[in-house]
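Structure first, commentary second.
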Ligand code: 13P
Ligand code: SF4
């Protein structure tokens, strides 16, 4: 007996559907390589937000996590926005619930509230400014020196910003589970094997990693640093998905993922939320136009205010 299977060439099928429906696919650097390959734009959180704000497509398929797709909806409310897997969340966003954050803010009524873009739309409505890791320093420095600041939800990025700007900030106690998983001791051991390597670290990482890094920056900034550096070896401390783009841009350089605290078989440097999206789910999402991101007009109106302040300061 011959079993005939009708396997779908998802990459080809997605391209066809995209044209038929005038859709754009925006993907974060942490998405699996197959998704990055078919995306119209691959970028960091700020780059993706700008693309979402400026697109003339009718449909945005966001290959990233929930807060990113929500941000796209806020910035382009007349477009339909889809996320291949609605469960694709973020440990930072889920650490900061609207009720708890409202209680927390009651203690600091005279503070300016700056929230990292990795938070829900409700948290954005309670914020004065939004920032990403690529513009956070600029946003903090734009706030008058006599103003006190609450920064949420990433305490590691917050601590990094306190060191960089000298500002006194109250921090919400949230972390990125991926960047928390890197092992500083194992990193030092690894560095002994590659003494000439440059250490490139995302600011969501813990202080010991950030303090010894040769470069600290957002995913896009890390890519630029590696591309423009004369060094030939790099230890990379961020989610492993970035290595796809980094290897394309730097075919002759050696890229070494930073080691995690768990045993060496653990894929801790992969974001389980980001990796919920697959090419098959992306295809189904575009085909069936679900799951869709919906937000009330009021949430969109209120969360647009701090997002627009960020975009105005990011040019
Ligand atoms: P950036 O791409 O802005 O550096 O953000 C990293 C991240 O963790 C996104 O979830
Ligand atoms: Fe959130 Fe960290 Fe995953 Fe980014 S890598 S989505 S910050 S859990």
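The values are calculated or read from the model by the stated rules, or taken from the named source; none is laboratory data. This is a predicted model, so every value here is computed, not measured. Neighbour counts are summed over all protein chains in view; Cβ atoms, including those assigned to glycine, are modelled from backbone coordinates with ideal geometry.
Here are the numbers:
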item	result
Failed criterion for residue 243 (all others in (1) crowded, with 22+ Cβ neighbours inside 10 Å; (2) in a helix (DSSP H, G or I) hold)	(1)
Filter result (surrounded by 15 or more Cβ atoms within 10 Å (Cβ to Cβ), assigned to a helix (DSSP H, G or I) and either modelled with pLDDT under 95 or more than 16 Å from ligand 2 (Cβ to nearest atom) (or both)) within segment 83-114	101, 104, 105
Segment 176-200: number of residues that are without any contact (Cβ under 8 Å) to a residue 40 or more places away in the chain and touching a helix residue (DSSP H, G or I) at 6+ places or on another chain (Cβ under 6 Å)	2
Residue under evaluation residue 24, criteria (1) within 16 Å of ligand 2 (Cβ to nearest atom); (2) in a strand (DSSP E or B); (3) without any contact (Cβ under 8 Å) to a residue 60 or more places away in the chain, criterion not met	(1)
Any chance residue 216 is loosely packed, with under 14 Cβ neighbours inside 10 Å and over 25 Å from residue 39 (Cβ atoms)	no
Helices (runs of 4 or more DSSP H) within segment 33-82 that include 3 or more residues away from ligand 2 (no atom under 15 Å from the Cβ), within 18 Å of residue 281 (Cα to Cα) and touching a helix residue (DSSP H, G or I) at 6+ places or on another chain (Cβ under 6 Å)	33-38
